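Here's the structure we're looking at; comments come further down.
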Amino acid sequence: MKKFLCSMLMAAVMIMGFTGGSADAASKATAKSGTYITTNNINVRADAGTKHRKVFSLKKGTRVQLTHQKSAGNEMWYKVKINGKKGYVLSSLLKKTTAVAASAPVKAGSGVVKTAMNLRGIPYRFGGTTTRGFDCSGFIQYSFKKNGKSVSRTTTGQYKQSSKISSPKPGDLVFFHNTYRKGISHVGIYVGNNKFVHAGGKKSEVVSLSNPYWKSKFNSFRRI
């Protein structure tokens, strides 16, 4: 009898092993959309679950678009898309924003432009963030802060914090690449009529986007 019970117990364990082995397996991905922001510096995985390789990283505050969701064990993972890259992120590391917030013009757009225009003539100073002197990203940060909007201190941070648009409005950002370094390296504020105001050269000033130099360095219009 004992031998029979032991055999039955072993059989049950084997069955549970075969059926329970899928408990940690990822489910099929289902469509999910929305605009989310990272709550921490995070690693993006090739598939749902930490056992999969890291494909790239994202900094805290980066805006991403969701395309799918997939569960892995007891965790939900979201497939995100940003700048042509895709991968999976643990859902608890993202917080939802709204499509309106991502695509609407800055509420204080006119105020930002007015503030920035009043800063014309202030000397350029690398690392500058005050009216004693600005660098390009310091100029942006100051102009937005005066209008109740907190933005990143660096050009690349402001780029990641914003969303690409095709039709700029006054108060949107204009990004340039390959100026004093490779990649995104300069930013200004669009003021309308194909012009932008920025801290560049010797002082803060308004420049036309038709200027040969800036036209050749233009990257994109973006909106915070």
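The values are calculated or read from the model by the stated rules, or taken from the named source; none is laboratory data. Predicted model only: the values in this text are computed from it and were never measured. Cβ atoms come from the backbone with ideal geometry, glycine included; neighbour counts cover every protein chain shown. Note: areas computed on protein heavy atoms with side chains; ligands, DNA, RNA excluded. Shrake-Rupley method; radii C 1.70, N 1.55, O 1.52, S 1.80 Å.
Here are the numbers:
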quantity	calculated
Close pairs from region 160-176: first open to solvent by 10 Å² or more (accessible area, probe 1.4 Å), partner among the hydrophobic types (A, V, I, L, M, F, W, C) and in a helix (DSSP H, G or I), Cβ under 9 Å, at least 6 apart	Ser163/Ala102; Pro170/Val112; Pro170/Val113
Top-ranked residue in region 95-107 [being in a loop (DSSP other than H, G, I, E, B) and open to solvent by less than 30 Å² (accessible area, probe 1.4 Å); ranked as modelled with the highest pLDDT]	Thr97
Any hit, region 67-75, residues being assigned to a loop (DSSP other than H, G, I, E, B) and either open to solvent by less than 40 Å² (accessible area, probe 1.4 Å) or closer than 25 Å to Gly183 by Cα (or both)	yes
Those residues of region 180-224 which are open to solvent by 10 Å² or more (accessible area, probe 1.4 Å), over 17 Å from Pro123 (Cα atoms) and touching a Cys at 6+ places or on another chain (Cβ under 9 Å), in sequence order	none
Filter result for the condition that a residue is surrounded by fewer than 16 Cβ atoms within 10 Å (Cβ to Cβ), in a helix (DSSP H, G or I) and modelled with pLDDT under 90, over Ser92, Ser110	Ser110
Any hit, region 118-138, residues being modelled with pLDDT under 90, in a strand (DSSP E or B) and not aliphatic (A, V, I, L, M)	no
Any hit, region 144-155, residues being open to solvent by less than 50 Å² (accessible area, probe 1.4 Å), touching a Cys at 6+ places or on another chain (Cβ under 7 Å) and either farther than 22 Å from Tyr213 by Cβ or not aliphatic (A, V, I, L, M) (or both)	yes
